[in-house]
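> Structure below; questions to follow.
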Amino acid sequence: MKKVVIIFAFAAIGLFCQDLYSQSKYQGETSVGMAFGVSHRSDTKIVVGETIHGIRFSNYFFAGIGIAAHYYWDMSEVVMPGFLNIKGYYPLNSKFSPYASVDAGLGWKFGIGGGGGVYFSQGIGLNVKMNWIDSMNFALVFQSQDFSAKPKAITYNYILLKVGIQF
């Protein structure tokens, strides 16, 4: 009896994985935005560009890796975070899909002092299907970047407004 249960369990897992594989497809996105500091230096303005590439497992779930360039306007410094991205979508209809997104990774600072540290981002957005491209994304995001600068570590927190395309 144990063998029969194990065989059925493996068959069920195989069918589930096959269904998941058949729904999976490549998804890429590129976005730009403007961020405003909310701690440490609230006057900080940051221009952001990022690209994320991964797999859309279903209408509801995406996982990928990304890289971004954050230009700190008042300090003339560039930070480049590399991160993992996870998104959960909730399709309202065939055109609109709100989503929640989380990024986690490391950021490297190029400029005076160098260094880098932990990068974290969480936000909400709206994916809108278009006729002339696959879709557009609009997002409101809270981001945090730690720097292991000497003599003490610094954390920048900021709110990011971004718009992008998904293909």
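The values are calculated or read from the model by the stated rules, or taken from the named source; none is laboratory data. Every value quoted in this text rests on a predicted model; they were computed, and no experiment measured them. Cβ: placed from backbone, ideal geometry, glycine included. Neighbour counts: every protein chain shown.
> Are any of the residues in segment 67-75 under 19 Å from Ile165 (Cβ atoms) and loosely packed, with under 14 Cβ neighbours inside 10 Å?
In the first step, residues of segment 67-75 are kept if they are under 19 Å from Ile165 (Cβ atoms); the result is 67-69.
Still in the list and also loosely packed, with under 14 Cβ neighbours inside 10 Å: none.
Checked segment 67-75: no residue is under 19 Å from Ile165 (Cβ atoms) and loosely packed, with under 14 Cβ neighbours inside 10 Å.
> Just checking, how many residues over segment 80-118 are at pLDDT below 95 and hydroxyl-bearing (Ser, Thr, Tyr)?
Of the residues in that region, 1 qualify.
> Quick one: in segment 134-158, which of the residues that are of a type in the set (A, V, I, L, M) and modelled with pLDDT under 95 is surrounded by the fewest Cβ atoms within 10 Å (Cβ to Cβ)?
So the first thing to find is which residues in segment 134-158 are of a type in the set (A, V, I, L, M), and the list is 136, 139-141, 149, 153-154.
From the residues that got through so far, the ones that are modelled with pLDDT under 95 too are 149, 153-154.
Numbers: Ala149: 15, Ala153: 11, Ile154: 15.
Filtering segment 134-158 for residues that are of a type in the set (A, V, I, L, M) and modelled with pLDDT under 95, the one surrounded by the fewest Cβ atoms within 10 Å (Cβ to Cβ) comes out as Ala153.
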